[in-house]
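The values are calculated or read from the model by the stated rules, or taken from the named source; none is laboratory data. Because the structure is a prediction, the values reported are computed rather than measured. Positions of Cβ are backbone-derived with ideal geometry, glycine not excepted, and every protein chain shown enters the neighbour counts.
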Amino acid sequence: MGRPLVKNQADEEIKFPYQKVEALFYYLLVKKKASRNKLATLLWGEMPENKAKKNLRNALYQLKKSVGQDIISTPDRFIVKIAATEFLSLDLAKFLEKKPQAALKLYQGSFLKGFLLKNASEFNNWLLEQRNYYEQLYINHLKTEIGSCQKENKVEKAVSYLKTLIKTDTFNEKAYRELMQLYAQTDNSAKAIEVFKKLETELKKELGITPDQKTMALLQKIRDKISSELENNKQKHNFIFRKKESEKIITKLNQFIKTEKSYSFLISGEAGIGKTALIEQVIAAADLDNTLLLQTNCYQAEKNYIFKPWKDIMQQLKEEIDFEQIKLSPLWKKVIFFLFPSFLPDEEISFAKMVNFDSIKYQSVIEALLFVLSKAAEAKKIIIVFEDLHWCDKKSLLLLRNLIRENQNNNILILATSRNQCWQRIENIFADLKEAKLLKNIELKRLTLPEVKKFSRKFLPNYNFTEELFTKIHKETEGNLFFLVELLNLLMQKKDSQALTEMLTAKSKNILSSRFFSVSKEAQKILIIASICFDKFSYELLAAVSGKKELQLIAIFEELQSFNLINEVEVRNNNRIFYQFTHSKLREFIYNKQSKFKVKILHKRIAQFIENDLAKQRTQRKQYSKLIYHYSRSGDKLKYLFYLIKEAENYMYYTHEIFPITNDQKLARDNVLDLNQEKSQNYLVKIESLFTEIKNSPESNLKDMEAKYLNIKAHFLIGKGKYSQAILTLKLMLKNANSINNTKIKLNAYEQLAALGIQLEDLSLIKENAKKMNKCADILALKTKKGIAFRFLGIFNLYNKNYKKANKYFNKSLDLFRNAETITKKYTLGIASAYNYLGEVERYQGKLEKANQYYKYSINLCEQKNILSGLGIFYINSAQVYYEQSQFKLAEKQFKKSLAIYNELSTVWGYSSISYSYLSLIYLNKGQYFKAYNYLDKASSMLARFYKRYWSGIFLRAEAEISKKMKVNKEIKDVFSNKLSLNYQEYAVKAVSIFKDIGTNYELSTVKNLINN
C-alpha cells in the first residue's frame, strides 16, 4: 500500500533488474499463481507469442535471482506460483485481514503508487482495477471509523479521519459537510468556512460546478451562527476598544477586493496587546470569499533560517494553485524546488536528498518568488498574514518589502504583526514603503483605567466590581489585554472577589501561574512537554514523549482545549493533528518555570522523536532546524554538531571546479541559494566552537564530521578569494583523512586542490593532486572521479603546451564518462566539458574551425538537457572563434547568451570579463563608442574581483586595440581618454607576456600582429 518496496530478511532493499520483472513479482504476490500464457499476455501482449514467452522465461530467471529460488515455483511448463509464503510479509495481506482501525494504519497510499508499465496495457488495466478496489475498501473503513468516532463523541479523531477521507475521495461532498458540522459544533466556524472554500475551489477547478444545495444550506447556517455569536458576544469581545483600528483595516480590505487603491498594514505593539486578535477579527468580518488567504508565523528559534516563514506560505499556495500552469524558467523552477522541497514531485524526492548545489544569486530567488506569487494572484487576489515579524529573517523581510513594492497592493495585500522589540530593524526595512503610502503602521496601545473599567463590565456584566478592584486590576495588568482577559477569566472561575483580591497582590505572572494550575496534574505535565516545542506540536509527539495511553491523552487534550490553553491548528498536506498554545506568553511562562535539567531531558526526547520520524518525511531538510534547536538545548553537542553540519552542507557550494560533475538528474536541480558571507561565517563559527568543546570526545565519527567541516570551510574561503587559507584547510583535511584512512575524504580534498590549481594557474598543484586523485578513484572504483582526474591532467598538459598528451587525457575522460552512463544516470556535463577541452586544444593551436565543432557539440548537449552549469563557458569559447573569423553577429549573440547565464549564476563569474572585453570591441566596430566604453568598464570591474591571467590577457588585448584606434579617431579618443592612458603598444606587450607564459599560441600571434601592423 503506497510506493512499492521489497526488502529481504536482512532488511536490505531488493532492486529489480527491470520493471517487468518487478511487475511480474507484484502480480504473483496478489494472485498467488498464474498460467504462463496469462503472464506472457499480461506483460508482453503486443509481441508475437514465441517472443513473449521467451521474455517471460528470462523475467522468471531474473526474478528468482532477485528474490530467491525458494519464493517462486515453476512446478511444470504451464504454471508459475508463489511457493514459500511463510517467508513473505505483505502489507496488503495484513490490510485485508485487519479490522478497520488497524487496516487504516497500514494504508500508506494507493496500491503500487506511482508504478505503471510501458507497452503493457493489460497489466496496467489490472493494476488500475486493483488500485480502485483497495482504495474503495480504505474509504469504507474510513467511513466506518468516522461513524464510530461521532457516536462516541471522539471529535478530534473524527476530524482527522474526515480530512483523510477528503484527501482520498476529493469530491465527497458529504465528507466535507460532516467536517464543517464538526468544526461548527466545536465553535470553530472559521475552519468550517475554510473547508467549504476548499470544496468550492476543487469543484470549480476540476469539474466546473458549485457545491450542492445541502452544502450551501449548511454554509448559510454556519454563517448565521457566526453573526448571532458576534452579536451576542460583542460586549465581551476583546476589541471593544479597537473599533477604530478594525474599521480602518476592513475599509482598506474592501477597497483592495474592489480593485481600488489600498495599502498593506503592519500592526505593532507589545506582547499580549491584541495584535493577532485584531487580525482575526478583521478577517472574520471582511468578505473574503473571492480571495486566497495565506498565513504564516515567524519564530525566535528560526530567526536565522532564511525564507523559513515563506515555506508555509508556499505550501498553502501549492494546495490552491496548479504550480505546473505557471510558466517558470528552468532556473527559477530549480530555485523554488530547492528552497521549498515540498514542491518537488514525489518521484524526485530521493534525488533532492543527495543533490550538490551550484550557487544562485539572491536576486534570482527574489525574482522567482515574486513571479510565482504575482502569477498566482492573477487568478484570485491574495491576502498574506505574517505573524510576529520581529522574529523574521532579513532575507524574508526583504522579499516581503519587494513584494509590496512590486505589486503596489494591486492583487496582493499584507497584514503583519510585530512586537515593539527590534522595531528599528523593521522600521529601516519598510521605511520607503511608508513614504510611498504602500504600508500603514497601526500601533496598539495599552488600555487606560476608564477603558479597563468599560472592558471589565462588558466582559462580566453581572459581576459587582468596586472602584478599588478596578484600580488593582489596572495596576496589575498595566492595561495589557492578554493579562486583563486572563485575569477576568480567573475571576469568572473563582466567583469570589476576595480570592481575586488576594491574588492581585502578586505580580502579573501569577495570573499565568493560576491558569497553569487550574488544570489537572496530568494535564500540567503535558503542557510542560508541549512548551519545549517553539511552534506547533503533534499528538504523536506528545504521545511518544509522555508515554500516555491514547484515551488518557485524548482526555487531557480535551481538558486543555476546554480551558483555552491550547487550540488545534491545521497543517496542510499533513494527516497529523497539530496544536499550539493559545498565546506565546503561556508557552514562554511554562518553559521558563522548568528546571534546566528537566528542560535538557525533554529537548533530547523531542529531538529523538523528530530524528526517528525523519524516515517518514518526504523532505528531511526542513526538519534540521528543529533538530538543531532541540539538540543545542539538550546538551548533546555531538548531535547538535552533526545536524549543524548537515544544515550547513545544504547551503554551501560543493565544488569550485569550472564543471561540477554529477549525474543529470542531480544537475537538473543543481542550484541553491547563495548565502551571504555573514550567514556562512555564522555556521563556521558555531561548528568550530563546538569542535573546540568536544575535541577530546571518543566518538568514532567525529573525524568524519571534522572532515566535512573542513570541506565546508575550504569552500567558504574559496568563495571569499582566500585561496592560500583554503589550501591550508584542505591540507588539514587530508591529514585528518589519513589519520582515519578515509580514501573518500582524501579524494575530495585532492579534487578541490587540483581545481584550485586551475584557478591559481599553479601547474604543479594541478598535476600533483590530479595524480593522487586518480589513485583514490581507482581504489574506490569511481569512474566519474577518474574522469575528472584525467581532465585535470589534460588541463595540466594543455597549459604546458603538450597538446598531444592533453588530447589523450581529454579523450580518456570522455570515454570514462560515456562508459559510466546508464539508462537512469547520464553525465552530460562531464561529456560536454571533455569536448570543450578538446576544442581548447585545437584553438590553442589556431585550428579555429575544428575547435568550434567541439564547442558546438558541448553547447548542443547542454541545451538539450537544459544544463546551465558550464554552458556559459562553452558560449564564450564558441563566440571567440566567431569573432576571430569576423562573424561578429554570431559572436555577439553567443557572448550575450553567456552573460544571460552569468547574470543568474554566481559561479565562475570571472569568465564574464571575456564576454565584456570582446563586446567592447564589437560595439567599437559598430561605432557605438559609449556602449563599448561601458562593456570595457564592466570587464575591468569584474577583473578587480576575479582574476586569472588569461582573462587579464584578453582584457589587455581589447585595451590595446581600442588604444590603437584612439590615435586615428578623435571621437573614440574623447570617449576613452580618461580610461586608457597608455600607448597601445604598452597594453599589447603586457598581453603578449601573459599569453606567452600560459601557452595560448593563437592569442599570442593575434596580439603580435597588432603590434607589427
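The rows are residues; the columns are (1) of a type in the set (S, T, N, Q); (2) on the phi < 0 side of the Ramachandran plot.
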position: Ile831; (1), (2): no, yes
position: Gly839; (1), (2): no, yes
position: Glu842; (1), (2): no, yes
position: Gly846; (1), (2): no, no
position: Tyr855; (1), (2): no, yes
position: Cys862; (1), (2): no, yes
position: Ser878; (1), (2): yes, yes
position: Ser886; (1), (2): yes, no
position: Phe895; (1), (2): no, yes
Condition set of a type in the set (Val, Ile, Thr) and assigned to a helix (DSSP H, G or I), scope the range 427-471, selection farthest from Ser268 (Cα to Cα): answer is Thr471
Filtering the range 360-396 for residues that are at pLDDT below 60 and surrounded by fewer than 22 Cβ atoms within 10 Å (Cβ to Cβ) leaves a count of 1
Restricting attention to the range 793-835, the residues that are within 33 Å of the chain's Cα centre (by Cα), over 19 Å from Leu756 (Cα atoms) and not hydrophobic (A, V, I, L, M, F, W, C) number exactly 8
| For Ser1005, are the conditions met, namely being of a type outside the set (A, V, I, L, M), part of a loop (DSSP other than H, G, I, E, B) and either free of Cβ contacts under 8 Å to residues at least 24 places away in the same chain or out of contact with any His (no Cβ under 7 Å at 6 or more places or on another chain) (or both)? | no
- Query: In this structure, does Ser993 turn out to be under 52 Å from the mean Cα position of the chain (by Cα), among the hydroxyl-bearing types (Ser, Thr, Tyr) and in a loop (DSSP other than H, G, I, E, B)?
  - Reply: no
Of (1) closer than 16 Å to Leu838 by Cβ; (2) crowded, with 22+ Cβ neighbours inside 10 Å, Ala754 satisfies every one except (1)
> Residue check: is Ile954 closer than 22 Å to Val1007 by Cα, under 35 Å from the mean Cα position of the chain (by Cα) and of a type outside the set (Phe, Trp, Tyr)?
Replying inline: no
**Asked** Just a yes or no: is a residue in the range 938-953 in a helix (DSSP H, G or I), aliphatic (A, V, I, L, M) and in contact (Cβ under 8 Å) with a residue 40 or more places away in the chain?
**Response** no
With criteria (1) part of a loop (DSSP other than H, G, I, E, B); (2) over 21 Å from Phe111 (Cβ atoms), Phe171 comes up short on (2)
Picked from the range 961-993 (must be of a type in the set (Val, Ile, Thr) and free of Cβ contacts under 8 Å to residues at least 40 places away in the same chain), the residue surrounded by the most Cβ atoms within 10 Å (Cβ to Cβ) is Val992
Taking the range 28-76 and keeping residues without any contact (Cβ under 8 Å) to a residue 12 or more places away in the chain, surrounded by 15 or more Cβ atoms within 10 Å (Cβ to Cβ) and over 30 Å from Lys7 (Cβ atoms) leaves Met47
Within the range 785-809, residues surrounded by fewer than 22 Cβ atoms within 10 Å (Cβ to Cβ), of a type in the set (Phe, Trp, Tyr) and either under 18 Å from Ala832 (Cβ atoms) or touching a strand residue (DSSP E or B) at 6+ places or on another chain (Cβ under 9 Å) (or both) come out as none
Of those in the range 5-25 that are buried (at least 19 other Cβ atoms within 10 Å of the Cβ) and of a type outside the set (D, E, K, R), the residue farthest from Gln130 (Cα to Cα) is Phe16
When Phe256 is run through (1) in contact with a Leu (Cβ under 6 Å, 6 or more places away or on another chain); (2) free of Cβ contacts under 8 Å to residues at least 40 places away in the same chain, the failure sits at (2)
Within the range 822-842, restricting to residues that are in contact with a Ser or Thr (Cβ under 9 Å, 6 or more places away or on another chain) and at pLDDT below 90, the one that is surrounded by the fewest Cβ atoms within 10 Å (Cβ to Cβ) is Tyr827
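Do we have any residue at all in the range 294-303 that's out of contact with any Cys (no Cβ under 6 Å at 6 or more places or on another chain), without any contact (Cβ under 8 Å) to a residue 60 or more places away in the chain, within 13 Å of Ile382 (Cα to Cα) and aliphatic (A, V, I, L, M)?
no
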When every residue in the range 440-494 that is touching a Lys or Arg at 6+ places or on another chain (Cβ under 8 Å) and among the basic types (Lys, Arg) is compared, the one modelled with the lowest pLDDT is Lys458
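Would it be correct to say that Leu128 is without any contact (Cβ under 8 Å) to a residue 24 or more places away in the chain and not in a helix (DSSP H, G or I)?
No.
One residue is enough: does the range 697-712 have a residue meeting the conditions closer than 22 Å to Arg945 by Cβ and either at pLDDT 80 or above or aliphatic (A, V, I, L, M) (or both)?
Scanning the range 697-712, I find no residue that is closer than 22 Å to Arg945 by Cβ and either at pLDDT 80 or above or aliphatic (A, V, I, L, M) (or both), so the answer is no.
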Restricting attention to the range 405-426, the residues that are over 18 Å from Leu369 (Cβ atoms), assigned to a helix (DSSP H, G or I) and under 28 Å from the mean Cα position of the chain (by Cα) number exactly 2
Of those in the range 927-960 that are buried (at least 22 other Cβ atoms within 10 Å of the Cβ) and farther than 25 Å from Asn1012 by Cα, the residue modelled with the highest pLDDT is Tyr935
Going through the range 297-306 in order, the residues found to be within 16 Å of the chain's Cα centre (by Cα) and crowded, with 18+ Cβ neighbours inside 10 Å are Glu302, Tyr305, Ile306
